[in-house]
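Scroll down for the structure; my scribbles are underneath it.
Read-outs: derived from the displayed coordinates by stated rules, not from any lab. The shown structure was predicted, so the numbers you read here are calculated from the model rather than taken from an experiment. Cβ sites come from the backbone with ideal geometry, for glycine too, and all protein chains shown count toward neighbours.
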């Protein structure tokens, strides 16, 4: 891939902007240019020769050195750019303290992406985790570029970009792809891939989900020998995140074959670790349940994003994920301790069991 060019639109009063622009541009693959907020009637000049990515400060109404104001917030500019350049990714940048001041609906829209932006990042991420944040931006820009370069925007082309096998393509069809009269547009496809296919476990798994389903810890899953074993199941399609995703069916197929080869029996969550020990004479740490602190966990708590045993969790309904995806579950630990837990997102049976769970002694 060629170098990614990004326009970072921020008011010139911000000394942070110049610092972030310089730091982002330290990597050869990323060229970040600092651009002042344009006057509304001069916006066309900004989009006539567009970059690969727009980074827009949410707080554009701040006073500039000459006393003028941008006259709009970043989301307003983002919406206008999206209307003129629908195939160009847009990222809003803000501080967590600003996000917390917004009303719930606005905050949710920004966090989840979609219109008018594709991603929201905090300035602290540019300070504390620059390399990973920059890689995320590169992945976003490259993904949009790949989608935009496809002329024939029909289903088969999208499957090709995802590098899905036939049975995986059938599952993806069940995940409500954004097709209209059999075709897709760049922004709709990008949103679906990033916020459905890659977001919800079920067709693909992130590291914590795939490790837990194999019955091992995330640290063990990242072991070089394990990574070599599961490499054929790794997702290499468009928007592949730096942290990695793995095809669920390919992982299970590989794990079963590996267990048979090493004559390791029992459920997959135990057989994989046993087969690994036989093959390499090396123990893998098991997946530990976040509730009872014992192995082997077999699911992941939606709220805590940590392994949990199914018997120590309840079904949870925090989103409208497609039926083909794995159910969300919430651990007893999150129910007892997390302020993010919302009992209204339980089903009838879960609400009935809630009082019993709250009265359970600490394991």
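Compared with the rule-of-thumb size 2.2 N^0.38 Å for a compact globular protein, the range 151-197 has a Cα radius of gyration ratio of 1.02.
For the range 204-280, the spherically averaged projection of the C-alpha convex hull amounts to 4.5 nm².
May I ask what percent, to the nearest 5, of DSSP beta bridges between residues of the chain are antiparallel? Rounded to the nearest five, the antiparallel share is 40 percent.
Sorted fewest first by neighbouring Cβ atoms within 10 angstrom, 40, 155 come out as 40, 155.
Globularity index of the range 115-199 is 1.22 (Cα radius of gyration / 2.2 N^0.38 Å, N = number of residues).
One chain, two ends: residue 351 and residue 167. Fully extended at 0.36 nm per residue, the span grows by 62.6 nm beyond their Cα-Cα distance. Starting from the 7 Å offset along Cα-to-Cβ, what nm value, one decimal, do you get for the label separation of residue 319 and residue 185? Rounded to a tenth, the inter-label distance reads 2.3 nm.
For the options 257, 297, 233, a Gaussian network treatment of the chain with springs between C-alpha atoms closer than 10 Å singles out 257 as fluctuating the most. Gain on full extension, evaluated as 0.36 nm per residue between residue 22 and residue 84 minus their Cα-Cα distance, stands at 19.5 nm.
Eigen-decomposition of the gyration tensor built on the alpha-carbon atoms of the range 249-363 gives equivalent ellipsoid semi-axes of 32, 17, 10 angstrom, largest listed first. Sorting 137, 77, 353 by the number of Cβ atoms found within 10 Å of their own Cβ, with the fewest placed first, yields 353, 137, 77. The modelled label-to-label distance for the pair residue 327/residue 292, using points 7 Å beyond Cα in the direction of Cβ, is 1.9 nm. If you find the alpha carbon centre of the range 338-363 and of the range 157-216, how far apart are they in angstrom? Between the Cα centres of the range 338-363 and the range 157-216 lies a distance of 31 Å.
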